[in-house]
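Shown next, in structure tokens, is the structure this report addresses.
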């Protein structure tokens, strides 16, 4: 089962997550006794979701405060009341 085939990484995704969890256990000695792998994964997912939401809100605000382009970019033909042809 390929975990990230676009990156050329092969292997089991659960196995990769377990490797990352054990690697974190090297840097944080009490991690394995205090939190399980699922708990660490869910905490990371919550933090990622909060950061992604804040970035999305920031992007929306940034675009709203930026220069506005007109919604109708079709040039207006003088003398006609509409740009649509009635058939």
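Points to keep in mind about this one:
- Cβ pairs under 9 Å, 6+ apart, first in region 20-42 and at pLDDT below 85, second surrounded by fewer than 14 Cβ atoms within 10 Å (Cβ to Cβ) and outside any helix (DSSP H, G or I): 21/36
- Selected residue (criterion: modelled with the highest pLDDT) from residues of region 62-87 that are surrounded by fewer than 10 Cβ atoms within 10 Å (Cβ to Cβ) and part of a helix (DSSP H, G or I): 62
The values are calculated or read from the model by the stated rules, or taken from the named source; none is laboratory data. These numbers come from a predicted model, not from an experiment. Reconstructed Cβ throughout: ideal geometry from the backbone, glycine too, with neighbour counts over all protein chains shown.
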